[in-house]
Structures are given as C-alpha cells and as structure tokens.
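Taken together, the values in this text are just the output of simple stated rules run on the coordinates, not laboratory data. Because the structure is a prediction, the values reported are computed rather than measured. Every residue, glycine as well, gets a Cβ built from its backbone with ideal geometry; the counts of neighbours run over all protein chains shown.
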C-alpha cells in the first residue's frame, strides 16, 4: 500500500525546491503547495509528484493541500512585506504557520516540520524576526509535537546570498555592514533539505528543535573576500556604520520591491550562529558541506 504524499508548502522557493527533490530521490510521494504551483523541470516518468495552488491565508486551500498527506513541511518564506497585496509577516509567518499546524492536527498528520530561522526572537527590533518567533509559538500551540527547523544563512547554486555578493564585488568599492564583523555559518541548501526530509520521515526523533549552521564560521568581511577571490575581483571594502544602512533602507522603503529593508539591516547587526545545545546535523547523521569546497559550483568564474 502506497503512503500518502508529503506536502511541501512553499515547494517552489529556494529551500522548498531542494526539499522536493530530496523527497523524490528518497522515493516518497510529494505534493507541492504554493501560490503559483509548478512541477519541476527535472521530474521523470514515475516520480510521484503533484502541484496544487495554496495560499496560507486561505483555510480551504490549506486543508485541501493537507488532505491525505502522511507528513508536511512548511518552507514558506516572506522576507519583504507587500502590504497592499496582504502579504505581511503576520499573515504568512504567524497566522499562516499556525493555520498549517492546526489543520495538520485536525487531519491527523503527526509529522510537521516548520522551517523558521536561527535567531528567532520575540524581543528582536526586526519585525521579521519577531514574526518568526511568534510563528513558532503559534505552531507549537496548535501542534505541540511539531518540529522546529532553524537553518542559518543558506547558500547554493542560484541563491540570493552569493548572487548578490557576486554583483557587489564587481564594483570598485564594496560597503560593509558596520565593520563586517557579523559572524555567519553559511549552510548549503541541500543539507538543510536533507535534514527536513529525515525529520519528516517515519522514524521519530527525540528533539523538537534543530538549528543548522554550516561547518565554517566566518565574518561578513571574510565572506565578501572569498566571493571576490573566486571571481578574480579586488574591490576595496569600506566599513559603513549601521546607522547609514538604516537611513538608506528608510529612503528605499517606498519602492515596490526595495533592494534593502530595515529588517535586513537588523539581521546583519547580529551574529547568525547555531545553538550547540539544539539538535544539529550530527543528530541526523548528516555531514554538512563547506562553503570553501562548494563556492566554485555556486559561482563559476565565467
């Protein structure tokens, strides 16, 4: 008897796409739930894949996406609010996340992995980070046995992090956030996806909170320098006070899709490091790959 699918909310996003692929390669049926659903181009005959339209703000669509599922992963992400469209942190990361957990419980789905982020904090000055923390609370209120998965800064082919830095280092001067001392543990998107697949599987885990950072810890300046070296560029790195970044974000805020927001600036003012007391890759038998070894695959020199 075939098992029901694993529903991946946000299955067309950067992390969601990687989770879908890992699930298929593990031989599991997958239901991609997204506002603009589409099947991946790499699918092959025999892959048990389906795609359904689902907006986390719509009760009926979420319930339909969960119907008959064995497990679910909520990998929906929203980094910039679009208030006119009703896409706010509260609507997606708090109310939407709680809705998924509540309807998963009502559907009898015990295995729910909720993707949040390292540093989720109800007292953060960042509205995005506060919403992530409130979303975790809403999920656990509705489904206490849900698993919280907090990845660090993601990288991989066609990512946002390295692609943006690649554009920056082509300039003669690259402004740094502060002095560039914010510490990060970049983690490969495929490693986080593999963790989500294992956590949503049939083998129970004792831990309910996992924080996943990559094996290398480096500051922002070192990250910029690595990207520049990979591309053969030699820009001058210029420290820029965080106050200036906040002012720039305020000036850009009226744009429909601002390239910088204050939430992003707040995020760069705080180290993004996994808590060693939370579950990690070692608990899942996964050896995460390094940025050093994978940078050439993510940023070809030509």
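How far is helix 189-199 tilted off the main Cα axis of the chain, in degrees rounded to 10, range 0 to 90?
Approximately 30 degrees, to the nearest 10.
Any chance you could tell me what percent of the C-alpha pair distances in the stretch 145-302 go past 27 Å? Before the final figure, lay out the partial values.
Values: 3899 of 12403 pairs.
Summing the P(r) of the stretch 145-302 above 27 Å gives 31 percent of all pairs.
Rounded to the nearest 500 deg cm²/dmol, what is the calculated helix-only ellipticity per residue at 222 nm for the chain, with -39500 (n - 2.57) per DSSP H run of length n ≥ 4? Could you put the intermediate results ahead of the total?
On the way: 10 runs with 102 residues, N = 302.
When only DSSP H runs of four or more count, the value is -10000 deg cm²/dmol.
Count the DSSP beta bridges whose two residues both fall in the stretch 126-235, then state the antiparallel fraction as a percent rounded to the nearest 5.
Values: 2 of 8 bridges.
If I count the DSSP bridges inside the stretch 126-235, around 25 percent turn out antiparallel.
Using a Gaussian network model of the chain with C-alpha springs under 10 Å, which one of 170, 194, 99 is most mobile by mean-square fluctuation?
Per the Cα network of the chain with a 10 Å cutoff, 170 tops the list.
Give the average over all directions of the projected area of the C-alpha convex hull of the stretch 1-62, one decimal, in nm². List each step's numbers first, then the result.
Working: hull surface 17.9 nm².
For the stretch 1-62, averaging the hull's shadow over all directions gives 4.5 nm².
Which percentage, to the nearest 5, of the DSSP beta bridges contained in the chain is antiparallel?
Values: 4 of 37 bridges.
In the chain, approximately 10 percent of DSSP beta bridges are antiparallel ones.
So what is the relative contact order of the stretch 1-87, in percent, for Cα pairs below 8 Å that sit 6 or more residues apart?
Computed value for the stretch 1-87: 36 percent relative contact order.
Have a look at 156, 285, 11 and tell me which one the Gaussian network model of the chain (Cα, springs below 10 Å) gives the largest fluctuation.
Comparing 156, 285, 11 in the GNM, the peak value goes to 285.
Please express the Cα-Cα pair-distance distribution P(r) of the stretch 83-147 as a list of whole percents, one per 5 Å bin, running from 0 to the bin with the greatest distance.
4, 21, 26, 22, 15, 9, 3, 0
Counting other C-beta atoms within 10 Å, which of 234, 203, 93, 188 has the fewest, and how do the rest follow? Walk me through the numbers before you get to the answer.
Working: 234 10, 203 7, 93 29, 188 26.
The most exposed by this proxy come first: 203, 234, 188, 93.
With an 8 Å Cα cut-off and a minimum separation of 6 or more residues, compute the relative contact order for the chain in percent.
Numbers: 595 pairs, mean separation 52.2, N = 302.
With pairs under 8 Å counted, the relative contact order is 17 percent.
Computed over the Cα atoms, what is the radius of gyration of the stretch 159-242 divided by 2.2 N^0.38 Å, N being its residue count? Write out the running numbers ahead of the final one.
Details: Rg = 16.8 Å, N = 84, 2.2 N^0.38 = 11.8 Å.
For the stretch 159-242, the normalised Cα radius of gyration comes out at 1.41.
Running Debye on the chain with equal point scatterers at the Cα sites and no solvent, what base-10 log of I(q)/I(0) appears at q = 0.08, 0.14 Å⁻¹?
-0.35, -1.09
Based on Cα coordinates alone, diagonalise the gyration tensor for the stretch 1-158, multiply each eigenvalue by 5, take square roots, and list the semi-axes in whole Å, largest first.
They are 24, 18, 15 Å, listed from largest to smallest.
How much of the DSSP bridge set in the stretch 1-118 is antiparallel, in percent, rounded to the nearest 5? Each step should come with its number before you reach the end.
Details: 1 of 18 bridges.
The antiparallel fraction comes to roughly 5 percent.
Give or take rounding to whole Å, what are the principal axis extents of the alpha carbon atoms in the stretch 151-193, in descending order?
Principal-axis extents of the stretch 151-193 (Cα, largest first): 36, 22, 8 Å.
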